[in-house]
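Structure, as C-alpha cells:
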Amino acid sequence: MNAPSLPSVFWEPWNVALFQRMHATASSPHLLVAIATALAEWPLVVAASLTGWLLWRQRDRLGLIRLIVACGMALLTEALVGLLAFHPRPFAAGFGPAWVTHAANNSMPSTHVALAMVMAITLGMRKHRRASVAVLGLAAMLAWARIYVGIHWPADMLGAIINAGVSTMIAAGVARLLPIRCIPSFP
C-alpha cells in the first residue's frame, strides 16, 4: 500500500471530520434534505442568469470575455486536477450515502462552486458590488448543500475558491492583452 502524501496527512483528517459533521444522515429532517437537494443545483442557474443578464444589459463586452475565459480556465483546472490528483467523492470513499444521484468521479474542486465564485469575483471586479455579494451568497448555499447531500468534501470547496480566484486573475490578465477593438460589439 502506498504511503499517503504529506499534504493529505495534514488536511484529510480535518476534511473527513468536518464532512461527517455537515453530512445528512438517515435521521436528518426530510425537509432539510429536500431543500439541500434543490440548493445543490439551482443557485448556480440563478447566479449564471443574474451574471449574464447584468453583463449583457450593461453591454460589458470585456466583463463577458473575462467571465468566459475564467470559466474556461476553471473547468480546465478541474480537468487537470482530476487527471493528476484524483480524489474520490465521499460516498465513493465509503463515508455515507449521497442523497442525490451523482457520478463517482473526481470531487476536487467543486465545479459548481468554482463557477459561482468566478461569477461573483467577475461581478465585483466590474463594479456590480450588490450582485457580487448576492452571487457569493448563492455560492455559499451551493457549497453547504453539496456537502450536506454527500457529493463533496469541505476541502473541495476550498479548492473551488482557489481555482476561481486564480482563474479570474488569469482571465483579467488575458483581457488586458486584448486590444479593445478586437472585442466584438453587441447588436
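Only the coordinates and a few stated rules stand behind these numbers; no lab work does. As the structure is a computational prediction, the values presented were derived from the model and not from experiment. Here the Cβ is made from the backbone with ideal geometry for all residues, glycine too, and neighbour counts use every protein chain on show.
Couple of notes before you dig in:
- Candidates PRO13, PRO90, PRO43: whichever shows maximal mean-square fluctuation once the chain is modelled as a Gaussian network with Cα springs under 10 Å: PRO13
- The residues TRP153, TRP99, when put in order of fewest to most other Cβ atoms within 10 Å, stand as TRP99, TRP153.
- Extension gain for LYS127-ALA104 works out to 4.4 nm (0.36 nm per residue, less the C-alpha to C-alpha distance).
- VAL46-PHE95 pseudo-label distance in nm [points 7 Å out on the Cα-to-Cβ vector]: 2.7 nm
- Positive dipole terminus of the stretch 1-157, leading residue within LEU142, ALA70, SER28 (C-beta point charges): ALA70
- On Cα atoms only, tilt of 129-148 relative to the major axis of the chain in degrees: 20 degrees
- Annotation: the residues LEU123, LEU84, sorted from fewest to most other C-beta atoms within 10 Å of their own C-beta, follow the order LEU84, LEU123.
- The phi-based Karplus calculation (6.51 cos²θ - 1.76 cosθ + 1.60; θ = phi - 60°) puts the 3J(HN,Hα) values of the stretch 88-103 at x, 5, x, 5, 6, 8, x, 9, x, x, 8, 8, 9, 6, 7, 5 Hz, whole numbers, x for Gly and Pro.
- Debye, to nearest 20: dipole size of the stretch 29-179, +1 on Lys, Arg Cβ, -1 on Asp, Glu Cβ: 680 debye
- In degrees, nearest ten, helix 30-39 long axis to first principal axis of the chain (Cα): 30 degrees
- Between ALA26 and LEU62, residue separation times 0.36 nm minus the direct Cα-Cα distance comes to 8.2 nm.
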